[in-house]
Structures are given as C-alpha cells and as structure tokens.
Amino acid sequence: MRIILALLSGTLFGAGLVISGMADPGRVRAFLDLFGRWDPTLAFVMGGAIVPMAIAWTVQRRLESPLGDKAFSLPETRGIDTRLAVGAILFGIGWGLGGLCPGPAIASLSLSPVAVAPFVLAMFAGMGLHRLFTR
C-alpha cells in the first residue's frame, strides 16, 4: 500500500510539473532572468501551491497517523547553518544553470530523456558524493 501511495503521489506531482510547464528548463531560466524576458509563471505556480499545502498541514495536524505509515516523519526545525547555506547556494547554482531541480528533472525524463539524462546522472552522482562524504 505504501509503494502504491508513493507512486500515485509522485505521478501526481510529476504531472503537475509537466502541466504547469515547470519541467521546461527554458521557462525556469526565463523566471530567473529578471532583467531580460522575465516570465512570472513560476511565481504563480509557487503561489498557487500555498493553498493546497496550507490545507494539507491543517489536515495533517488532525490525523493521528498518515495513510501509508504508522506515524508522521516530520523534520525538526533547525537554524540556518553552514551546511544549509552551502547546500542552498549549490542548489541555486545548479537550478540557474540547468533550469531544473530534482523533481522536474525526473519528470522531464519522460519528455526528453536524452537532453535531461546528463543532468539526472550528475544529480545522482552529487547525491552519492554527499552520502559518501557525510558518513
């Protein structure tokens, strides 16, 4: 059941990325191009995500456990430290250069696998290096 819920959730998320155009690196780069041909679409997508997320947090607070697990696994709130800042900077650089972040990159594999595969491979290599050096 847990795998089915994860698959359905991931499929819904990926479909949302594709339908909204956020799997298109050109659209993301246009959002980051503040002094050129700026495209505000990503801001509307992020703004539109606030309402369903607010509903999800409200529902989550009223539930004893999630549908697919025994308990909620929520991260603790932590302050901003060097690891977080460096990670955010690296993420932003990769996002700005590639026009993709992990979710849209995976979703884009279904649209243009040859063009996106190098990014996804580099992303997994980076995840592997992180895991190797943080143990």
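Assuming a ≥ b ≥ c are the square roots of the Cα gyration tensor eigenvalues, decide whether segment 1-66 counts as rounded (a/c under 1.5), prolate (otherwise, with a/b larger than b/c) or oblate. Provide the component values of the computation, followed by the final result.
Numbers: a/c = 4.47, a/b = 1.87, b/c = 2.39.
The shape class here is oblate.
Are there DSSP H segments in the chain that both extend 20 Å or more along their axis (alpha-carbon positions) and score a mean Kyte-Doolittle hydropathy of at least 0.0? List them, or say none.
2-20, 41-62, 82-98, 113-133
Between Arg131 and Val114, what is the label-to-label distance in nm when each label sits 7 Å out along the Cα-to-Cβ direction?
Going from the Arg131 label point to the Val114 one covers 3.0 nm.
Could you give me the ³J(HN,Hα) list for segment 99-111, computed from phi with Karplus coefficients 6.51, -1.76, 1.60 and θ = phi - 60°, whole Hz, x at Gly and Pro?
Working through the residues one at a time gives x, 9, 10, x, x, x, 5, 5, 5, 5, 4, 7, 8 Hz.
Under the 0.36 nm per residue contour assumption, what length would be gained going from the current alpha-carbon distance of Leu5 and Leu32 to full extension? All intermediate terms of the calculation are to be shown ahead of the outcome.
On the way: separation 27, 0.36 × 27 = 9.72 nm, distance 3.35 nm.
That works out to 6.4 nm of additional length.
Given Cα pairs under 8 Å that are at least 6 residues apart, what percent is the relative contact order of the chain? All intermediate terms of the calculation are to be shown ahead of the outcome.
On the way: 76 pairs, mean separation 41.5, N = 135.
Computed over the chain, the figure is 31 percent.
Using DSSP to call loops (not H, G, I, E or B), can you name the trypsin sites (Lys or Arg not before Pro) in segment 63-128 whose Cβ has at most 14 other Cβ atoms within 10 angstrom?
Numbers: sites: Lys70, Arg78, Arg83; in loops: Lys70, Arg78.
For trypsin sites (Lys or Arg not before Pro) across segment 63-128 that sit outside H, G, I, E and B with at most 14 neighbouring Cβ atoms in 10 Å, the list reads Lys70, Arg78.
Add -39500 (n - 2.57) for each DSSP H run of 4 or more in the chain, then divide by its residues: what number comes out at 222 nm, to the nearest 500 deg cm²/dmol? Walk me through the numbers before you get to the answer.
Working: 6 runs with 94 residues, N = 135.
Theoretical 222 nm ellipticity from helices: -23000 deg cm²/dmol.
Bear in mind these aren't lab numbers, they're just calculated from the coordinates by the rules spelled out. None of these values were measured; they are calculated from a predicted model. Reconstructed Cβ throughout: ideal geometry from the backbone, glycine too, with neighbour counts over all protein chains shown.
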